[in-house]
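Report on the following structure.
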Amino acid sequence: MDKFDALKKVVRDREKMGVLFSGGLDSTLLARLVYDVLGKNVRALTFYSPIIHREEAAEARMLAELIGIPCDVVSIDEMEEDPAFSSNRPDRCYTCRKIRNRIAWSWAREHGITLIADGMNASDLGDYRPGIRASQEDGIWQPFVEFGITKDEIREYSRQMGLPTWEKSNTVCLCSRIPFGMEITRERLRKVEEAESFLKRLGFAVCRVRYFPLETAVVEIEELERALAHKDLIVANLREMGFLFVTLDLEGFSSGKLNRSVRQAGKDS
């Protein structure tokens, strides 16, 4: 029995289940697996929030329809739920998860759901992920972690199942573009979202725009040469959005890059 079969066997013993669903690679596969086993006895929950790309929330709803899983969308604002969130401490993800888990369990009780699962996977354990601790404290089941299923295995199984997300890069909240200690504001999140949407329209499917002090946009793109060929257009548009300085990260794209500061602080302490 492989890992995915073992996971589905455990799911069969559940009566009613909820899935935290972002429409990303991990949660889409989890939703499909659980729905294939439990059918009408599973529901998905998607959060609509200022810290999430609007296009990602729309895509999540489309993917839920594709799978066939009932999906409820709940609007939240983490900055209003807990003022400490905006201060952007290194444990920001912990605060966010505690907020979302509390709302998720309230939603679950309304629907008679006794188990909530998320798409955290075994590969996530190797990075700085304070949200994992919050979910463990709040009783959120992480089946991919429990069965040692990695990101690469999720991607390959998604490909085999014909899910359109199998090639999708990591979906992470817009707050991850702002260095720890720099205040999170709606205006900063809006600028980041607008800048990344513009770059995607130019054909840069995988990109990040980091928001640094002095209204500086640090652009991470895999195709550096092509980015330089469009530099005048990129600079003009990002300046128009309110950035004073526009720079290109010569390392290119790397998910979770700002976590380096946390790891370095750990080494120095």
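I need the full set of residues from segment 154-194 which are in contact with a Lys or Arg (Cβ under 7 Å, 6 or more places away or on another chain) and farther than 20 Å from S254 by Cα, in order please.
Hits for segment 154-194 are M161, L163.
Which residues, counting only those in segment 88-136, are part of a helix (DSSP H, G or I) and aromatic (F, W, Y)?
Selection gives Y94, W105, W107.
Could you list, in sequence order, all residues of segment 194-240 that are charged (D, E, K, R), touching an Asp or Glu at 6+ places or on another chain (Cβ under 9 Å) and touching a residue at least 12 places away in the same chain (Cβ under 8 Å)?
Result: R208, R210, E220.
Read through the list (1) part of a helix (DSSP H, G or I); (2) touching a residue at least 40 places away in the same chain (Cβ under 8 Å); (3) not charged (D, E, K, R), then give the number of the only condition that I149 fails.
(1)
Exactly one of (1) at pLDDT below 95; (2) more than 22 Å from L63 (Cα to Cα) is unmet by C175. Its number?
Condition (1) is where C175 drops out.
Can you give me the number of residues within segment 135-168 that are modelled with pLDDT under 95 and either surrounded by fewer than 15 Cβ atoms within 10 Å (Cβ to Cβ) or within 17 Å of N101 (Cβ to Cβ) (or both)?
Selection size over segment 135-168: 3.
Hey, does segment 103-121 have a residue that's buried (at least 18 other Cβ atoms within 10 Å of the Cβ) and out of contact with any strand residue (DSSP E or B) (no Cβ under 9 Å at 6 or more places or on another chain)?
Checked segment 103-121: at least one residue is buried (at least 18 other Cβ atoms within 10 Å of the Cβ) and out of contact with any strand residue (DSSP E or B) (no Cβ under 9 Å at 6 or more places or on another chain).
Name the single residue that is modelled with the lowest pLDDT among those in segment 257-266 being of a type outside the set (D, E, K, R) and surrounded by 13 or more Cβ atoms within 10 Å (Cβ to Cβ).
Among residues in segment 257-266 that are of a type outside the set (D, E, K, R) and surrounded by 13 or more Cβ atoms within 10 Å (Cβ to Cβ), the one modelled with the lowest pLDDT is V262.
The values are calculated or read from the model by the stated rules, or taken from the named source; none is laboratory data. This one's a predicted model, so the numbers in the text were calculated from it and none came from an experiment. So basically every Cβ, Gly included, is an ideal-geometry build from the backbone, and we count neighbours across all protein chains shown.
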